[in-house]
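Colleague: Have a look at the structure that comes next, please.
The values are calculated or read from the model by the stated rules, or taken from the named source; none is laboratory data. Small disclaimer: the values here were computed from a predicted structure and weren't measured. A quick note on method: Cβ atoms are made from the backbone with ideal geometry, for glycine too, and the neighbour counts reach across all protein chains shown. To get the accessible areas, we keep the full protein, side chains included, count just its heavy atoms, and leave off ligands, DNA and RNA. Shrake-Rupley method; radii C 1.70, N 1.55, O 1.52, S 1.80 Å.
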Amino acid sequence: MKDLGAAKKILGMEINRNRSEGALWLSQEGYLNKILETYNMSEPKPTMTPLGAHFKFQAATEQKLVRDEDFMKFVPYSSAVGSIMYAMIGTRPDLAYPVGIVSRFMSKPSKDHWVGVKWVLRYTKGTLKTRLCYKKSSSFKIVGYCDANYAADLDRRRSITGLVFTLGGNTISWKSSLQRVVAQSTTESEYMSLNEAVKEAVWLKGLLKDFRYDQKSVEVFCDSLRAIALSKNNVHHERTKHIDVKFHYIRDIIADGTVEVLKISTEKNPEDIFIKVLAVSKFQIALNLLRVKSE
């Protein structure tokens, strides 16, 4: 890499800049190496995806917890998850979904959950040089993407909300989390995810305004036509009147032009990595769209 003199390290985050290319990279390779050494995961074979498709995570039963008690006494489960979470928040949006999954079981982890954490660490080992890339762009505007995975939580059947925002094509904000209430349909889960994305869009728009850049309208992309229609008017009144009033907040935001909600095909939505396990090829395509790249 050129311009190595511009490399800096701040709170475990490595910053590299290339003035001639107008590019900047953020990574945490050194920090992640220390994590792997701490949890004795420097030697295992790396994996290609953050979680395996075969994992079906559920809360452990009391019998399971009793059986695993002696083993789990010596497992630093919470510490390992917290260490991975720090990297996810800083430079690794590709870790958001697996961290959201394994962090559900912090209070009562089992052997099976620990296997999942070790899988995430194995993925981290194979992607140590993965970096967030920031480049100059002629189009300096906020763009958002959102999606939902309906009833993905096997314990309480809550859905997963995923959202990501870019500025000039550069990833600046991401989230993968369980929805607070149980959605009663796919449309409702998508609508609740869209609501979260619109709130984030309003906040980011206000933040840019503080820097004296006023974007007229923020585009938020969603792959559900029904959720988009519901966000603009109550087209399915009998089926959707049970939805809490607070989720209809987005209608006013859309009506006044602060946010514009648009349709995007599922294949082109980079948001999928925040709500489910993808095939390796699709996972890499999403990372490229978000400018999350390896050297």
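Colleague: Taking helices (runs of 4 or more DSSP H) that do not extend beyond segment 214-278, which have at least 2 residues that are at pLDDT 85 or above?
Modeller: Working: elements: 225-232, 237-240, 249-255.
It comes to 225-232, 249-255.
Colleague: Answer yes if at least one residue in segment 167-183 is among the charged types (D, E, K, R) and surrounded by fewer than 17 Cβ atoms within 10 Å (Cβ to Cβ), and no otherwise. Reasoning before the result, please.
Modeller: At the first step, the residues of segment 167-183 found to be among the charged types (D, E, K, R) are 175, 180.
Filter once more, keeping what is surrounded by fewer than 17 Cβ atoms within 10 Å (Cβ to Cβ): 180.
Yes, some residue in segment 167-183 is among the charged types (D, E, K, R) and surrounded by fewer than 17 Cβ atoms within 10 Å (Cβ to Cβ).
Colleague: Sticking with this one: Here are the criteria: (1) open to solvent by 50 Å² or more (accessible area, probe 1.4 Å); (2) out of contact with any Phe, Trp or Tyr (no Cβ under 9 Å at 6 or more places or on another chain). Tell me which single one T124 does not satisfy.
Modeller: (1)
Colleague: Right, another one. I'd like the full set of residues that are among the small types (G, A, S), surrounded by fewer than 22 Cβ atoms within 10 Å (Cβ to Cβ) and touching a residue at least 12 places away in the same chain (Cβ under 8 Å), limited to segment 184-223. I'd like the intermediate steps shown before the answer.
Modeller: First, pick out the residues of segment 184-223 that are among the small types (G, A, S): 185, 189, 193, 197, 201, 206, 217.
Within this subset, residues satisfying the condition of being surrounded by fewer than 22 Cβ atoms within 10 Å (Cβ to Cβ) are 185, 206, 217.
Those that are among the small types (G, A, S), surrounded by fewer than 22 Cβ atoms within 10 Å (Cβ to Cβ) and touching a residue at least 12 places away in the same chain (Cβ under 8 Å): S185, S217.
Colleague: Restricting to segment 72-114, and then to whatever is open to solvent by 30 Å² or more (accessible area, probe 1.4 Å) and small (G, A, S), can you tell me which residue is farthest from the chain's Cα centre (by Cα)?
Modeller: Here the residue is S107.
Colleague: Restricting to segment 137-171, give me the number of residues that are polar (S, T, N, Q) and within 19 Å of R92 (Cα to Cα). Before the answer, list the steps.
Modeller: Applying the first criterion (polar (S, T, N, Q)) to segment 137-171 yields 137-139, 149, 159, 161, 166, 170-171.
Imposing the further condition that a residue be within 19 Å of R92 (Cα to Cα) reduces the set to 161, 166, 170-171.
Count: 4.
Colleague: Right, here's the next one. Spot the failing condition for T38; the list is (1) open to solvent by 10 Å² or more (accessible area, probe 1.4 Å); (2) touching a strand residue (DSSP E or B) at 6+ places or on another chain (Cβ under 9 Å); (3) farther than 26 Å from D153 by Cα, and only one is missed.
Modeller: (2)
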